[in-house]
1. In whole Hz and in residue order, list the ³J(HN,Hα) couplings for the range 572-582 that follow from phi through the Karplus curve 6.51 cos²θ - 1.76 cosθ + 1.60, θ = phi - 60°; x for Gly and Pro.
2. Test of understanding: what is the full-extension gain from Arg362 to Leu297, defined as 0.36 nm times their sequence separation minus their Cα-Cα distance?
3. Residue by residue, what Karplus-based ³J(HN,Hα) values in Hz, rounded to whole numbers, does the range 142-147 have, using 6.51, -1.76 and 1.60 with θ = phi - 60° and x for Gly and Pro?
4. Return the sequence-ordered ³J(HN,Hα) values of the range 466-472 in whole Hz as given by the Karplus equation 6.51 cos²θ - 1.76 cosθ + 1.60 applied to θ = phi - 60°, using x for Gly and Pro.
5. Which percent, nearest 5, of DSSP beta bridges in the chain are antiparallel?
6. Whole number please: convex hull volume per residue of the Cα set in the range 272-357, in Å³?
7. Hey, what did the range 188-250 get for relative contact order, percent, Cα under 8 Å, at least 6 apart?
8. Note the angle between two axes, namely the Cα long axis of helix 166-175 and the longest principal axis of the Cα atoms of the chain, as a number of degrees from 0 to 90, rounded to the nearest 10.
Amino acid sequence: MTMNESAGTVAADPSEALPEWDLSHLYPGMASPEFAADLALAEADSKAFAESYRGRLDELVRGSNASEALAEPFRTYEALEDLLGRLMSYASLLYAGDTSDPARAKFYGDTQDRLTAASSHLLFFTLELNRLDEGLLAAATGSEPLAHWRPWIEDIAKDKPYQLDDKLEQLFHEKAVTGRGAWNRLFDETMSALRFRVGDEELTLEPTLNKLQDPDGAVRKAAADALAVVFRTNLRTFTLITNTLAKDKEISDRWRGFAHVADSRHLANRVEREVVDALVAAVHEAYPRLSHRYYALKARWFGRETLDHWDRNAPLPKVATPTIPWDTARETVLTAYGDFSPRMADIARRFFDERWIDAPVRPGKAPGAFAHPTVPSAHPYVLLNYQGKPRDVMTLAHELGHGVHQVLAAPNGALMAPTPLTLAETASVFGEMLTFRKLLAATANPLQRKAMLAAKVEDMINTVVRQIAFYTFELKVHTERREGELTSERLGEIWLDVQRESLGPAIRFGEGYETFWSYIPHFIHSPFYVYAYAFGDCLVNSLYGVYQRSQDGFAERYLAMLSAGGTKHHTELLAPFGLDARDPAFWQIGLSMIADLIGELEVMED
């Protein structure tokens with residue numbers, strides 16, 4: 001059943017019977033003997049690993065059978081990474097389920113403290129590995145069993161120019177708990193505790209943001225006003241958090257020798273700064289033909305010259321917004337996945353059947369949505385705040401794309417399963433595209449087709465234009481922070497300047513919008529993460545173009561790309577599709593697809 005077909009037969013309350021995840025697949029509970037035993041084991045084995053191998057890697061690489069000799073510590077190290085990751089994943093997911101619960105908060109904090117101490121014993125391993133003779137190490141990785149880990153060994157070698165000595169690395173690692181980690185936690189707990197008065201309702205952040213998509217303009221304005229009031233009340237705290245974390249990052253970057261404020265992110269993403277700069281320049285240049293053009297068109301649909309900022313994501317006039325029951329959303333996504341690849345749908349179906357999804361909105365629950373990979377010995381989990389909106393169905397498709405990717409990459413092991421963020425967003429955005437195309441093909445009603453196209457364009461603008469604007473905001477903030485603290489007023493000025501430039505003259509920013517930078521979690525948790533969304537969207541648009549031209553064998557090549565995990569550079573992964581992100585013209589392919597969809601909307605009758 002498609003979205004438009006379900007509009008007349010919806011449940012009165014779409015939150016009914018929504019699935020909650022079963023974290024007992026990781027551990028039975030916070031106080032379980034299993035968790036306590038694994039935590040003690042992780043601490044003891046991490047210490048034993050350091051006692052066995054610290055200072056000995058050079059001796060092992062020079063031995064007669066270096067490949068076998070080094071493989072043993074690699075096996076142990078990877079097993080430890082999996083165990084530590086399982087423990088921290090459980091604590092993190094339990095905490096995300098209710099960040100307002102003091103017991104969960106304490107459990108999360110205590111677990112983080114103990115695992116940070118345990119993992120400090122493992123820091124030496126990559127540091128010593130990068131100090132080994134390159135020729136001897138290359139010879140050792142030339143044969144099995146060490147050849148299995150060669151992609152990871154070659155990958156961590158890229159960190160070598162930015163490594164510090166062992167004692168400094170340990171200090172940075174241990175201080176992160178009371179530094180960056182503590183400020184992240186303060187942000188999360190502050191945000192989860194906020195309440196917004198919209199009419200007669202007192203809401204948490206996620207339902208309040210959801211009201212910005214309400215068909216009633218008065219409700220949208222009330223929600224925007226409520227957000228502004230509460231953000232402004234807490235602005236001192238958010239400003240302090242932002243300034244502190246930006247300074248913390250500057251200290252780390254300076255000690256490690258990163259020249260540019262975003263270079264550490266580019267290194268972590270295994271993507272060259274020139275590639276990101278080309279993407280950013282292409283999107284900036286496209287603002288007038290994408291976001292400026294679309295919002296001017298949308299304003300005309302509303303019979304106005306400009307839209308207030310709370311109307312930017314408003315549903316189209318004269319088109320009813322359906323409430324999508326959970327079962328309909330499930331079948332919609334699984335059918336779209338299955339039409340592309342039965343294997344992909346089979347993997348996604350496990351998330352529903354085996355309770356790997358937490359869907360309801362709850363007080364204290366982390367806002368937004370994510371797919372957590374946990375560790376290869378377990379399975380991923382997906383967190384949603386499902387409220388039955390069409391965009392929630394796309395979010396489900398997005399996060400299941402991540403989940404499928406994580407399942408496929410898991411056989412690479414704890415060291416090589418993780419994927420750089422730029423390519424980690426590929427599967428999620430591709431999952432959205434498959435779902436959108438499936439729904440569009442099944443929609444014959446011209447008005448509903450127009451609404452679907454408009455919603456997709458808005459999602460693409462939010463994914464590409466808006467995320468590059470976020471990245472531009474971060475560049476300005478982190479660059480200015482090097483000269484001193486930024487006031488709340490200055491942060492608001494930068495935010496408004498960037499929003500005006502990116503969204504164009506058809507959007508009018510009312511009083512209070514200058515505070516809206518304060519709730520974006522990526523600025524806090526993962527500085528400069530946001531360009532990965534734009535990278536993924538443009539990449540997927542290009543991939544989908546290849547798929548449309550020739551479907552034969554595409555699904556197999558696509559799943560092989562996802563299965564590679566972190567074992568290959570983006571150039572190797574894209575080569576089978578004839579794509580190269582280093583080519584400046586590459587980004588125009590994806591941006592042109594957005595422009596073409598806007599063109600379709602322009603020729604549709606009102």
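1. 5, 5, 8, 4, x, 9, x, 10, 8, 5, 6
2. Result for the pair: 19.7 nm of gain on full extension.
3. Listing the rounded values in order: x, 9, 6, x, 5, 4 Hz.
4. So the Karplus estimates, Gly and Pro as x, are 5, 5, 5, 5, 4, 4, 5 Hz.
5. In the chain, DSSP labels about 60 percent of beta bridges as antiparallel.
6. In the range 272-357, the Cα convex hull volume per residue is 204 Å³.
7. 25 percent
8. The answer is roughly 40 degrees.
The values are calculated or read from the model by the stated rules, or taken from the named source; none is laboratory data. Values in this document were obtained by computation on a predicted structure and should not be read as measured data. Cβ sites come from the backbone with ideal geometry, for glycine too, and all protein chains shown count toward neighbours. Heads up: the accessible areas ignore ligands, DNA and RNA and are worked out on the full protein's heavy atoms, side chains in. Shrake-Rupley method; radii C 1.70, N 1.55, O 1.52, S 1.80 Å.
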